[in-house]
Amino acid sequence: MSLRHDAWRACPGHRFRRIKLLPTDVTVRLATLADVSEIADMSRALIETGLGWTWTRERVGRNIASPNTVTVVACDLERVVGFAIMYFGDDHAHLSLLAVRRSYQHTGIGRHLVRWLEESALVAGIATIRLELRAGNRAARRFYERLGFAEVGRIPDYYAGVETAVRMARDIRRAQSGPLPDVRSLLR
């Protein structure tokens, strides 16, 4: 299926689902420890630019191994072209990281990774997904807003003491059945 034209969904109970992204095949699957280096390097280059490197190989490896965290990767053959890491708590999930290589952006891979994790959260009985992003990252903010996330606050100096974070949230249960609620009420 074409990611550009089809809004397709993977069942969280499946390990992976093959999709067609012309001119190459992209596979979405759970990450393994063999993916640690590519994920950490992508975080450093695409997310943590100018902030230092906190999502090191060791930290990514701990998250992949954690029973409370789900890490998914999108692969073009054997190369990781996108990934997402989400922590599952008792009542909410936290999208810790999401990145797609620049040459694969605007193809639907990021949207699919988030939707896969949302479906997993619903199966786990979680209602809310939260995340933070750099206040200056307008493209990421527009991306999350298109997915139904709304700003619920700001945290000054969140990133390495130098950059403000925008906190966003989405009630995924209500979003499945109708209009989005005021997500600020979810954080009280």
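The values are calculated or read from the model by the stated rules, or taken from the named source; none is laboratory data. The structure presented is a predicted model; accordingly, all values stated were derived computationally and were not measured. Don't worry about glycine lacking a Cβ; one is built from the backbone with ideal geometry, like all the others, and counts go over all protein chains shown.
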Qualifying residue in segment 36-59 (condition: on the phi < 0 side of the Ramachandran plot, in contact (Cβ under 8 Å) with a residue 60 or more places away in the chain and outside any helix (DSSP H, G or I)): yes
Matching residues, segment 82-102, being under 17 Å from Arg44 (Cβ atoms) and surrounded by fewer than 17 Cβ atoms within 10 Å (Cβ to Cβ): Arg102
Selection count where residues are more than 13 Å from the chain's Cα centre (by Cα), outside any loop (DSSP other than H, G, I, E, B) and over 20 Å from Glu48 (Cβ atoms), scope segment 111-147: 6
Failed criterion for Arg79 (all others in (1) among the basic types (Lys, Arg); (2) in the same structural domain as Trp53 (by TED's automatic domain parsing); (3) crowded, with 18+ Cβ neighbours inside 10 Å hold): (3)
Every residue from segment 60-87 that is part of a loop (DSSP other than H, G, I, E, B) and touching a residue at least 24 places away in the same chain (Cβ under 8 Å): Leu77
Test result for His112, closer than 23 Å to Ala45 by Cα and crowded, with 20+ Cβ neighbours inside 10 Å: yes
Test: residue in segment 149-166 that is of a type outside the set (Val, Ile, Thr), at pLDDT 95 or above, buried (at least 21 other Cβ atoms within 10 Å of the Cβ) and not in a helix (DSSP H, G or I): yes
For Ile126: the one exception among (1) β-branched (Val, Ile, Thr); (2) touching a helix residue (DSSP H, G or I) at 6+ places or on another chain (Cβ under 7 Å); (3) surrounded by 16 or more Cβ atoms within 10 Å (Cβ to Cβ): (2)
Among (1) under 18 Å from the mean Cα position of the chain (by Cα); (2) among the hydroxyl-bearing types (Ser, Thr, Tyr); (3) at pLDDT below 90 - the single one Ser2 does not satisfy: (1)
Matching option when the condition is touching a Leu at 6+ places or on another chain (Cβ under 6 Å) and assigned by TED's automatic domain parsing to the domain that holds Val36, among Gly148, Gly108, Gly89: Gly108
